[in-house]
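Working notes, beginning with the structure itself.
The values are calculated or read from the model by the stated rules, or taken from the named source; none is laboratory data. Note that this is a predicted model, so its numbers are computed, not measured. Every residue, glycine among them, receives a Cβ derived from its backbone with ideal geometry; neighbour counts consider all protein chains shown. We work out accessible area using only protein heavy atoms, side chains counted, and drop any ligands, DNA or RNA first. Shrake-Rupley method; radii C 1.70, N 1.55, O 1.52, S 1.80 Å.
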Amino acid sequence: MKIDVFGERLKAARKIKNMTQLGLSARLDVSKGTISAYEQASSYPSIETVVKLCEVLVVSSDYLLGLSDNLTFEIGGLTDEQRNSILQFISTLETANRIISKN
C-alpha cells in the first residue's frame, strides 16, 4: 500500500460521490472520526473495510492503494453527446500530461 496516497484518494473518491465523512461512516458502520483518520493518514482500514470502501465508492482497491492511477466512475444521466465531450476532455488532458512529462 502506498500509504502516502491512500488518504488523498479516499477523500477524492468520497467527494466524487458527493458523500460527507459522516455519510460514508454511516455506510461503513464506523465513526466519522475513523473516516477522518483514514483521510489524514493517521489510521488505516482493515482489509474488510477496504473492500467495503471500494463497494460503497465504486472504486478499485488498486486505485485506493496507489497501485493504479485508473479511476473508473459512472457517468449517469448524461446524453451520449455529453459523455463523448467528457471523454474527449479527459483524452486531451492525458495527451497534455504526456507532452509535459516528456519535457
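Quick notes on this structure:
- Within the range 35-46, the set of residues being open to solvent by less than 40 Å² (accessible area, probe 1.4 Å) and farther than 16 Å from Asp4 by Cβ comprises Ile35, Ser36.
- The set of residues in the range 47-103 being open to solvent by 80 Å² or more (accessible area, probe 1.4 Å) and in contact with a Pro (Cβ under 9 Å, 6 or more places away or on another chain) consists of Lys52 alone.
- Within the range 1-16, the set of residues being crowded, with 16+ Cβ neighbours inside 10 Å and assigned to a loop (DSSP other than H, G, I, E, B) is empty.
- Subset tally (residues that are at pLDDT 85 or above and of a type in the set (A, V, I, L, M, F, W, C)) for the range 48-103: 16
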